[in-house]
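Have a look at the structure below, then the notes.
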Amino acid sequence: MRVGIKTIFHALLLAALSLGVTGISSCDGPGKFVELTILHTNDIHSHLKAEPAGTEKNPYGLGGLARLKTLVSQIRATKTDSLLLDAGDWSEGTSYFNIDAGSNMLRLLGMIGYDAAVVGNHDFLNGPVELANTIERSAQAFPALGANKNLSAAALDRERARIERLVPEYTILTTPSGVRVAVIGILCTAFAYYEYFKPAVITDPVAKASAISRKIHDENLADVIVLLSHNSFDENVGYAKRVPWINAVISGHSHVKTPKAIEVTNAGQAVYVAETGQWGQFLGEMTLQVNREKRMVKLKGYALRPVSADLPEDPEIAAAIDEQDRALSARYGHDVTRDHVADCVDEMPHSNIRETVVGNLAADAYRLAAKADFGLETNSLISVALAPGPLSTSDLISVMPHIYAPAPDLGAFPEKGRTWMLRKLTLTGAQFKLLLNTVLKINGITPATWISVSGMKVAYSVNGSKVARRAGRISEKTPGLLPIREIQTTDPATGADLPLSDSASYTFAVHDGILGALRIVRDHTGLPIDLEHTLETGIEAWQAIFKLATELRTLSAADFEPSTRYRTLEADLMSQEHLINLFESSTGKSRAVEVTVRNQGLTRSLGTEKLRVFMGAVDDAVNDGALSDKPLDLWREAGIPALGAGEQTTLRFAVKKGDFSEPGMYSLKIEVVADDGNAANDVTRRHLKF
């Protein structure tokens with residue numbers, strides 16, 4: 001068959017382009033590609049140091065900014081065309097935040113070599129003015145971005161220009177080889193945080209980002225457009241599909257890990273989305289191939305790199321962290337990072353969407369310190385969990401490290417030396433039920449945040465499951481049924497359980513942050529509840545937690561058991577981290593994984609439910625709990641016997657020859673398979689070393 005000259009020319013041209021796309025050519029020019037590496041983190045939350053290794057907070061011993069700097073330097077030594085970005089929540093989260101509201105974190109990020117960051121919701125919890133103050137105090141050259149904001153409120157007239165300058169919408173960065181990268185910052189759009197950003201307003205992220213990306217594309221201002229977004233991962237994937245001309249979305253807020261970049265299509269072009277977990281434990285490395293002439297961008301590779309303990313600490317960053325330790329000691333009058341004030345004997349992990357030990361501890365602490373009838377805590381505002389071992393003052397501050405107090409006109413003013421204060425809020429029983437019903441209903445639709453309670457027992461039903469219907473507790477014909485069926489309180493004189501009276505008034509111990517959250521719920525639902533008149537106690541929230549912990553001296557999960565405060569009308573089988581342990585015989589010849597399952601519902605379970613234990617690979621920090629297509633192996637499965645209300649059983653899974661054959665840390669996912677009252681507590685992760 002005769003082949004024409006044009007056909008041969010086209011074939012050669014396609015082959016040349018193919019070689020360029022696959023990275024064989026790294027020279028910039030017509031038809032050629034240059035490599036761009038985007039290094040990224042998210043949700044560091046002032047974790048200057050690694051959390052205790054081998055605990056549920058840090059099973060693999062990862063993290064620490066001094067190690068992160070070393071890893072960044074190692075990669076940049078071989079990849080000169082690189083950028084380092086952070087996807088938000090760089091500040092609030094530990095006691096180090098209390099030194100200067102996060103300016104120290106921006107200075108450290110500058111020392112590490114960051115090129116841009118986006119403002120996360122925890123970075124703006126004190127309002128736009130204090131956010132600008134924090135950025136200004138840091139005196140850093142790299143920008144803290146935030147595009148989707150409206151600063152038109154009259155209360156911001158004197159501050160508007162300064163905030164716009166300090167929180168720009170986007171930046172254009174140029175690499176040594178001349179690749180221009182536009183980075184657009186997207187603020188968190190979750191309505192639960194709107195109150196904290198007042199009087200500024202969070203606006204539509206897609207409309208704003210689209211307007212900016214079109215301008216950048218149409219005016220040829222950049223070769224690559226990156227969306228740096230502090231929103232849920234699912235939302236960020238949605239933005240990748242809807243915002244035109246973008247090439248990548250660097251995600252934050254959900255604290256998820258992506259061992260592989262997620263690829264979606266937008267107008268026929270690929271867009272890549274990635275996130276790195278939390279606390280500086282991982283560094284994302286996205287390598288793109290960029291053809292500037294043809295304005296083409298393609299993913300060459302992605303890696304999620306652990307910030308592991310074998311990385312040497314960068315001496316400059318280590319010295320800067322030591323300086324922050326000294327500043328923290330000066331702030332509180334002694335070395336709060338190394339003192340020993342209490343001990344924790346159980347794992348007390350944190351979760352936004354279910355009842356937890358640490359949430360109950362905080363609610364108890366507030367109630368007792370404020371001498372209120374009840375205590376409340378919003379789990380999404382708790383910063384860290386507690387791990388087994390000695391506790392320092394800093395550990396307890398870090399549970400609730402939020403500084404300053406919300407003010408209605410400018411979001412927040414600095415109140416030196418203060419964190420969120422405890423207040424006594426007075427509500428009738430009917431008002432509180434209405435409020436809690438609203439929160440539980442929201443959780444029944446989409447898991448949002450859990451309200452931890454102290455001093456009461458709540459009987460409720462969110463999903464109206466078949467189990468409850470069979471038990472005759474819920475009728476399918478009952479329209480608009482509210483979740484709460486009954487709230488009981490304990491008579492201090494007799495110890496008897498009494499129903500909460502709709503007409504009686506009660507005092508609730510809350511802190512400034514909870515009040516802000518409750519106002520948001522009220523304003524979005526129209527609840528007729530007065531949240532403005534409270535009595536200030538003069539006690540900071542962390543001080544209440546510290547007082548209870550040091551009085552008890554030893555903190556045990558049994559003292560704050562999740563199964564004693566919320567009870568579903570239907571059966572509700574659950575296990576939590578402190579109920580999952582490794583059993584060893586006295587001779588050391590036999591071992592087993594023990595899982596205690598409790599029924600925290602008010603109905604007897606059917607006895608047909610199952611418990612499944614899945615096992616991850618040894619020391620697989622990257623894939624453990626990640627958004628990944630790598631399935632976990634089903635290690636064991638067992639039936640759960642019928643359990644009455646409040647009853648529990650312990651299932652023991654023997655470790656046999658060949659199980660956990662390699663020594664190291666293993667991730668276990670424990671799943672209750674049941675049609676029960678609360679799906680949010682059906683899955684638990686536990687790490688055990690074999």
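If you average 1/r across every pair of different Cα atoms in the stretch 52-200 and take the reciprocal, what Kirkwood value do you get, in Å?
Details: mean 1/r = 0.0601 Å⁻¹.
Final number for the Kirkwood radius of the stretch 52-200 is 16.6 Å.
Residues of the stretch 337-358 with the amide nitrogen closer than 20 Å to a label point 7 Å from the Cα of F583, along Cα-to-Cβ, please.
Residues 346-347 fall inside that zone.
Work out how much length A190 to K630 would gain on full extension: take 0.36 nm times their residue separation and subtract the Cα-Cα distance, in nm to one decimal.
Numbers: separation 440, 0.36 × 440 = 158.40 nm, distance 2.98 nm.
Gain on stretching A190 to K630: 155.4 nm.
When only Cα pairs under 8 Å and 6 or more residues apart are kept, what is the percent relative contact order across the stretch 484-562? Walk me through the numbers before you get to the answer.
Numbers: 25 pairs, mean separation 10.5, N = 79.
Reported as a whole number, the value is 13 percent.
If a paramagnetic tag sat 7 Å from the Cα of R326 along the Cα-Cβ line, which residues of the stretch 42-74 would have the backbone N under 19 Å from that point?
48-49, 66
Please report I186, I520, I382 as a ranked list, fewest other C-beta atoms within 10 angstrom at the top and most at the bottom.
Numbers: I186 33, I520 17, I382 24.
In increasing order of surrounding Cβ atoms, one gets I520, I382, I186.
Checking the cross-link filter: which lysines have an alpha carbon closer than 26 Å to that of K547, excluding same-chain neighbours under 8 positions apart?
Output for K547: K49, K57, K371, K416, K424, K457.
If you stretched the chain out fully between T650 and E263, how much longer would it get, using 0.36 nm times the residue separation minus the C-alpha to C-alpha distance?
Full extension from T650 to E263 adds 135.0 nm.
Near K656, which aspartates and glutamates are there with a Cα under 17 Å away, not counting those fewer than 8 places off in the same chain?
E584, E594, D633, E637
Once label points are set 7 Å from the Cα along Cα→Cβ at both R485 and A638, what is their separation, rounded to one decimal in nm?
3.0 nm
May I ask for log10 I(q)/I(0) of the chain at q = 0.06 Å⁻¹, from a Debye sum over the Cα atoms as equal point scatterers with solvent left out?
Log10 I(q)/I(0), no solvent term: -0.37.
How far apart, in nm, are the 7 Å Cα→Cβ label points at V201 and H340?
5.6 nm
Under 1.5 on a/c is rounded, so check that first for the stretch 481-562, then, if it is not, pick prolate when a/b is larger than b/c and oblate when it is not; a ≥ b ≥ c are the square roots of the alpha carbon gyration tensor eigenvalues.
Details: a/c = 1.85, a/b = 1.21, b/c = 1.53.
Since a/c reaches 1.5 but b/c is at least a/b, the shape of the stretch 481-562 is classed as oblate.
Go ahead and run the numbers for FRET between T174 and K689, Cβ-Cβ distance against an R0 of 51 Å, rounding to 0.05.
0.60
For the residues V273, V357, what sequence is obtained by ranking on other C-beta atoms within 10 Å, fewest first?
On the way: V273 24, V357 27.
With the fewest neighbours first, V273, V357 line up as V273, V357.
From zero up to wherever the largest Cα-Cα distance of the stretch 575-633 sits, split into 10 Å bins and tell me the percent of pairs in each.
With 10 Å bins starting at 0, P(r) equals 16, 33, 34, 17, 0.
So what is the 222 nm mean residue ellipticity for the chain from helices alone, if each DSSP H run of at least 4 adds -39500 (n - 2.57) and you divide by all residues, rounding to the nearest 500 deg cm²/dmol?
Numbers: 14 runs with 167 residues, N = 690.
Rounded to the nearest 500, the figure is -7500 deg cm²/dmol.
Please tell me the relative contact order of the stretch 624-690 in percent, rounded to the nearest whole number, where contacts are Cα pairs under 8 Å and at least six residues apart. Walk me through the numbers before you get to the answer.
Working: 42 pairs, mean separation 18.5, N = 67.
The normalised contact order for the stretch 624-690 reaches 28 percent.
Only Lys, Arg, Asp and Glu count, each charged at its Cβ (+1, +1, -1, -1), so figure out the dipole size of the chain about its Cα centre, rounded to 20 debye.
1740 debye
Given charges of +1 on the Cβ of Lys and Arg and -1 on the Cβ of Asp and Glu, with all other atoms neutral, how large is the dipole of the stretch 33-324 about its Cα centre, in debye to the nearest 20?
On the way: 28 positive and 34 negative charges, 174 e Å.
Approximately 840 debye in magnitude.
Between the stretch 509-561 and the stretch 177-238, what's the alpha-carbon centroid distance in Å?
Here the two parts' Cα centres lie 34 Å apart.
Got a sec? Charge dipole of the chain, +1 on Cβ for Lys and Arg, -1 for Asp and Glu; which of G277, A116, T80 is way out at the positive end?
Of the options given, the answer is T80.
For the stretch 78-134 and the stretch 612-674, what is the separation of their C-alpha centers, rounded to whole Å?
With the stretch 78-134 and the stretch 612-674 each reduced to a Cα centre, they are spaced 37 Å.
Over the stretch 33-324, what is the relative contact order in whole percent, taking alpha-carbon pairs under 8 Å and six or more residues apart?
Working: 704 pairs, mean separation 71.4, N = 292.
Reported relative contact order: 24 percent.
Pulled fully out, how much extra length does the chain show between R418 and H533, if you take 0.36 nm times their separation in residues and subtract their Cα-Cα distance?
Result for the pair: 39.4 nm of gain on full extension.
Straight-line reach from K149: which lysines have Cα under 25 Å away, leaving out those fewer than 8 places along the same chain?
Answer for K149, where 25 Å is the Cα cut-off: K198, K208, K215, K241, listed by chain and number.
Across the stretch 573-689, what fraction of all alpha-carbon pairs, as a whole percent, falls in each successive 5 Å bin from zero upward?
P(r) over the stretch 573-689, rounded to whole percents: 2, 11, 21, 23, 18, 13, 8, 4, 0.
Just want the answer: with Cβ charges of +1 for Lys and Arg and -1 for Asp and Glu, which residue in A139, G252, L36 is farthest toward the dipole's positive end in the chain?
It is L36.
Every read-out reported here was derived from the displayed coordinates using simple, explicitly stated rules and does not represent laboratory data. Note that the coordinates shown come from a computational prediction; the quantities given were computed from them, not determined experimentally. Using ideal geometry, Cβ is built from the backbone for each residue, glycine included, and neighbour counts are taken over all protein chains shown.
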